[in-house]
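Peer 1: This is the structure, below, for whatever I ask next.
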Amino acid sequence: MRMRNKQRKTTILGWNAGSRCSMPAMVWSLVGFLLLLHFYSTLHKTDKAEETRLQMSHHSFQELQVVEEENIQIPPPRRRSPRAAKRRPRKKTTLIDEFLDENSQIRHVFFPDHRSAIDPTKDTGNDSFYYFPGRMWLDTEGIPIQAHGGGIMFDPLSRMYYWYGEYQDVPTFIAPKGLARVDIIGVGCYSSKDLQTWKNEGIVLAAEEANETHDLHKSNVLERPKVIYNEKTGKYVMWMHIDDANYTKAAVGVAISDYPTGPFDYIYSKQPHGFESRDMTIFKDDDGMAYLVYSSEDNSELHIAPLTEDYLDVTPVMKRILVGQHREAPALFKHGETYYMITSGCTGWAPNEALAHAAESIMGPWETVGNPCIGGSKMFKLTTFFAQGTFVLPLAGLPGSFIFMADRWNPADLRDSRYVWLPLIVGGPADWPLEYNFGFPSWSRVSIYWHRKWRLPSGWSDMKR
C-alpha cells in the first residue's frame, strides 16, 4: 500500500499532480482542440467565401476594383512682404490645409461647382447611371439634396429606398466653442427605386421654433438620424444625436411615425445607460434585433447595446468596445456571419483615416483589421477620400457588395457639404494577423475603392429585393 499517494498535491484545475495525464499533456490537448475548432470554422465558411469569390469574378466587380489615382498638387504660396515673412515664418501647407481653406486655389478639386452637378432633370446619356463622388447632387426637382450624416432604409411595404439625413439649407455660423454649425431645420427624407434618382419627400421631423427648452429648438444640435422599421409594431423609428449648442447634453433622441415619409413624432431624449452619447448609429440584424452604437466617454470608446422589442429604448445590457481608441462615426454592416464596422478618428471637421473592425458577435470582442481605403493617393487613403463615413448600404442579391456612404464636410458652408458614395467589397484575406490567434482571422478584408465615376454592377436592378 503506497501511503505516499495520500500526500500528492492537487493542482488548481483539480488534476492530480502525480497523474499520468500531466499538465503539459493537457495543455497540448487543449491547443490541439482549438486548432481543430479553428480549422472546422474555416472549412465551414469555405462555401460562403467561394460564393463571394465567384460573384466578385464578374466583370462588373472587376471594373469596380480597378481604382483611379489622384495627383493633386499644392499650389505655390501667395506672395508676402519681407516684413510679414520675417515677423511670422510661413508653416508648411498640407493638402488638408488646402481642403479646409475656403479661399484655396484648388477649392474646385474638392468641391466642384454647379456646372458639374448630378442632375436627374437633364439627359446626360450614359452618365445618368453613374455616381460622381464629391460633385453636387440634385434631386428630381433640380435642388441640391440635403441629407447629411444620414442613412438609408429599404421599406418592405412600399419597396422603396428612403434616405434620411440632416437638412442644412441655412447659413453656417461659428458656435461659442469655435465649431462651424447650422441651426436645426429638421430631418430631410428622399425616396428612390434605383438609389440614383431621389425625390424630395420633405422635412419629416421639423425643428421647434418657439419653445427654447425643447430638444429640437433650432438653437440646438440634431445629427446623424437613422430610421428602421419595426415589423412587430408597424412603426418607423428614428434615432439621432441630440445636443445643446455647446455640445454638453450628449444624448440620443427618439421619434416615431406610421409612415416612412413621416411626419415623425418626437418622443424623448436620454443619455443611454447614463453615459454621454455623441456620434451614433442604429443597426438592425437579420433576426429583427436592433442595436444602438454610440461614441462615449469623451469619444474615447464606443458603446453597443440591444434595443427593446419596440425599438424605442435601450435594454440594460451594454458593452464597451474599441476602448481608448478614440473612434467616432460608426457605420455597421454584416456579411455572412461576420459583423463589420467602419469608424473615423476624432478631428472635428478635418478628414482623417478610416478604420475597419470585425467581430463574430455583434457584442464583441471587436478587432481592428486596418484602413479599408484603396486608390486615389496616400493622402486620399489617410483622409477617407476627404470624407467621413455615415452608413454602409448592402446591395441586395450581390453578396459581399455594399455602398459606403460618406460626407465630405464643408465647414465654411455646411449646406454645400458633398456626398461621397463608393463601392465597398468584402473579400480576400484580412490585413493584420491577430496577436492571440494562430494566424489570420477568419473574416475577410474590407475594401473601399476610389473612383471619380462609377456605377452599380450590371444586372443589379434585376437582383433587387
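Peer 1: What number goes with the only condition from (1) surrounded by fewer than 17 Cβ atoms within 10 Å (Cβ to Cβ); (2) part of a loop (DSSP other than H, G, I, E, B); (3) touching a residue at least 60 places away in the same chain (Cβ under 8 Å) that LEU195 does not pass?
Peer 2: It is condition (1) that LEU195 fails.
Peer 1: Tell me, which strands (runs of 3 or more DSSP E) lie completely within the stretch 269-314 with 1 or more residues that are closer than 22 Å to TYR340 by Cα and small (Gly, Ala, Ser)? Spell out the reasoning first.
Peer 2: Working: elements: 280-284, 290-296, 301-306.
Counting at least 1 such residues, we get 290-296, 301-306.
Peer 1: Scan the stretch 272-305 residue by residue and report those that are free of Cβ contacts under 8 Å to residues at least 40 places away in the same chain and farther than 25 Å from VAL221 by Cβ.
Peer 2: ASP287, MET289
This table checks each residue for (1) modelled with pLDDT under 95; (2) hydrophobic (A, V, I, L, M, F, W, C).
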| residue | (1), (2) |
| --- | --- |
| GLY345 | no, no |
| GLY348 | yes, no |
| ASN352 | no, no |
| LEU355 | no, yes |
| ILE362 | no, yes |
| THR368 | yes, no |
| CYS373 | no, yes |
| LYS381 | no, no |
| THR384 | no, no |
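Peer 1: Report yes if LEU312 is under 26 Å from LEU157 (Cα atoms), at pLDDT 95 or above and under 16 Å from the mean Cα position of the chain (by Cα), otherwise no.
Peer 2: no
Peer 1: Quick one: which strands (runs of 3 or more DSSP E) lie wholly within the stretch 320-429 and hold at least 1 residues that are in contact with a His (Cβ under 6 Å, 6 or more places away or on another chain)?
Peer 2: Qualifying strands (runs of 3 or more DSSP E): 338-344, 367-370, 401-408, 418-426.
Peer 1: Does GLN146 satisfy the criteria of being touching a residue at least 24 places away in the same chain (Cβ under 8 Å), in contact with a strand residue (DSSP E or B) (Cβ under 7 Å, 6 or more places away or on another chain) and within 22 Å of THR384 (Cα to Cα)?
Peer 2: For GLN146, the condition - touching a residue at least 24 places away in the same chain (Cβ under 8 Å), in contact with a strand residue (DSSP E or B) (Cβ under 7 Å, 6 or more places away or on another chain) and within 22 Å of THR384 (Cα to Cα) - is met.
Peer 1: Pairs under 9 Å by beta carbon, first residue crowded, with 22+ Cβ neighbours inside 10 Å in the stretch 379-399, partner of a type in the set (Asp, Glu) and modelled with pLDDT of 95 or more, six or more apart or different chains?
Peer 2: That search, which allows pairs on different chains as well, returns THR383/GLU353; THR384/GLU353; ALA387/ASP407; GLN388/GLU328; GLN388/ASP407; GLY389/ASP407; THR390/ASP407.
Peer 1: Name, by its number, the condition in (1) more than 23 Å from ALA396 (Cβ to Cβ); (2) of a type in the set (A, V, I, L, M, F, W, C); (3) at pLDDT 90 or above that does not hold for ALA175.
Peer 2: So ALA175 meets the others, but not (3).
Peer 1: Here is a further query. Among the residues of the stretch 166-182, what is the count of those that are closer than 21 Å to THR248 by Cα, surrounded by fewer than 17 Cβ atoms within 10 Å (Cβ to Cβ) and not β-branched (Val, Ile, Thr)?
Peer 2: So the count comes out to 7.
Peer 1: Could you tell me which numbered condition LEU205 fails, if it satisfies all but one of (1) outside any loop (DSSP other than H, G, I, E, B); (2) touching a residue at least 40 places away in the same chain (Cβ under 8 Å); (3) of a type outside the set (Gly, Ala, Ser); (4) under 20 Å from ALA331 (Cα atoms)?
Peer 2: Checking LEU205 against (1) outside any loop (DSSP other than H, G, I, E, B); (2) touching a residue at least 40 places away in the same chain (Cβ under 8 Å); (3) of a type outside the set (Gly, Ala, Ser); (4) under 20 Å from ALA331 (Cα atoms), the one that fails is (4).
Peer 1: In this structure, is HIS303 in contact with a His (Cβ under 8 Å, 6 or more places away or on another chain), surrounded by fewer than 21 Cβ atoms within 10 Å (Cβ to Cβ) and of a type outside the set (S, T, N, Q)?
Peer 2: So HIS303 fails the test.
Peer 1: Right, something else. One residue is enough: does the stretch 342-350 have a residue meeting the conditions at positive phi, of a type in the set (S, T, N, Q) and in contact with an Asp or Glu (Cβ under 8 Å, 6 or more places away or on another chain)?
Peer 2: Within the stretch 342-350, not a single residue is at positive phi, of a type in the set (S, T, N, Q) and in contact with an Asp or Glu (Cβ under 8 Å, 6 or more places away or on another chain).
Peer 1: Kindly indicate whether any position in the stretch 119-130 is assigned to a loop (DSSP other than H, G, I, E, B), under 14 Å from TRP198 (Cα atoms) and among the hydrophobic types (A, V, I, L, M, F, W, C).
Peer 2: no
Peer 1: If you don't mind, there's one more thing I want to ask. Please verify whether GLY165 is in a strand (DSSP E or B) and either over 20 Å from ASP407 (Cβ atoms) or touching a strand residue (DSSP E or B) at 6+ places or on another chain (Cβ under 9 Å) (or both), treating the condition exactly as stated.
Peer 2: Numbers: in a strand (DSSP E or B): yes; either over 20 Å from ASP407 (Cβ atoms) or touching a strand residue (DSSP E or B) at 6+ places or on another chain (Cβ under 9 Å) (or both): yes.
It is true that GLY165 is in a strand (DSSP E or B) and either over 20 Å from ASP407 (Cβ atoms) or touching a strand residue (DSSP E or B) at 6+ places or on another chain (Cβ under 9 Å) (or both).
Peer 1: Let me ask something else about it. Which of the residues belonging to the stretch 101-120 are out of contact with any helix residue (DSSP H, G or I) (no Cβ under 6 Å at 6 or more places or on another chain) and either surrounded by 12 or more Cβ atoms within 10 Å (Cβ to Cβ) or in contact (Cβ under 8 Å) with a residue 40 or more places away in the chain (or both)?
Peer 2: Matches in the stretch 101-120: ASP101, GLU102, GLN105, ARG107, VAL109, PHE111, PRO112, SER116, ALA117, ILE118, ASP119, PRO120.
Peer 1: Return the residue satisfying two criteria in turn: it lies in the stretch 138-152 and is part of a strand (DSSP E or B) and touching a Pro at 6+ places or on another chain (Cβ under 7 Å), and of such residues it is surrounded by the fewest Cβ atoms within 10 Å (Cβ to Cβ).
Peer 2: LEU138
The values are calculated or read from the model by the stated rules, or taken from the named source; none is laboratory data. Computed from a predicted structure; not experimentally measured. All Cβ positions, glycine included, derive from the backbone under ideal geometry; neighbour counts span all protein chains shown.
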